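Accompanying notes for the structure given below.
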Amino acid sequence: MSKQQESNERRDAKRELIVKSAIHIFGQKGFHAAKIQDIADFASIGKGTVYEYFSTKDELFLAVYDKWMDEFEAQMTASAEQHTNPVSKADALIDTAIDFYETHAQYASILLEFWAHALRSEDTHFLERIREMKQTLANLGEQVTRQLQSVKAFTDVDAVSFSRLELGISDGIFLQWILDGKAYSLRDAYKFRQSVIGAGLMTPAFRKVMSLKTKKHLKKGFWKRPE
């Protein structure tokens, strides 16, 4: 390995350390209350070192979101590519989304704060990054919807509109789960959503095939009343 390669690896490792430290501090204190010094202290490095990699706290905040969304987009794309059957592909995408949300549940406040900051900030990079991520997911959703239609599993529906609606429903379920104190299974909530939507969009023939599975999820639900 050349000296340049070693130098690049050290720099990448230091940048990763700073981003991971920022995740901890942002999650603990919130974006606005957090200070660069707090992040530097947690990473056991000098404040100046942080500024060598990120010129502002906003830039570091965007790097945190970029890290998560790059991982999420890659996982969703990989899940879609692993399946040729559209029904299996749809299930795999939902499972991947659930895994991502569950893994990052402890940092939900950062995700929500990022969305709010994107709407307030004069820096358009924040909102552009969200829209870029949403477009990637919408494209996947549109693709799968059209494939489900092609195999006569779904009835005729505007795939673009449906994929956008799905994104909103997905985010809403995650937010409601957090607000409910994660009192029930996020996976059960998503499966219930899938059954509700599927029951309305399935063709009669496919609905008959999926009848037992759909009825089971619809009857079971996900909400458990407090005793």
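A few remarks follow.
- Checking I173, I197 one by one, the residue that is of a type in the set (A, V, I, L, M, F, W, C) and modelled with pLDDT of 90 or more is I173 and no other.
- Filter result for T155 (surrounded by 15 or more Cβ atoms within 10 Å (Cβ to Cβ) and β-branched (V, I, T)): no
Yes/no per residue for (1) assigned to a helix (DSSP H, G or I); (2) under 29 Å from H104 (Cβ atoms):
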site: K152; (1), (2): no, no
site: Y184; (1), (2): no, yes
site: D188; (1), (2): yes, yes
site: G198; (1), (2): yes, yes
site: K208; (1), (2): yes, no
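- Lone qualifier among F100, F42, F31, F61 - being surrounded by 13 or more Cβ atoms within 10 Å (Cβ to Cβ), outside the structural domain of M133 (by TED's automatic domain parsing), of a type in the set (A, V, I, L, M, F, W, C) and in a helix (DSSP H, G or I): F42
- Flag if A92 is aliphatic (A, V, I, L, M), assigned to a helix (DSSP H, G or I) and loosely packed, with under 15 Cβ neighbours inside 10 Å: no
The values are calculated or read from the model by the stated rules, or taken from the named source; none is laboratory data. Worth saying up front: this structure is predicted, and the values here are computed from it rather than measured. Glycine also receives a Cβ, built like all others from the backbone with ideal geometry; neighbour counts cover every protein chain displayed.
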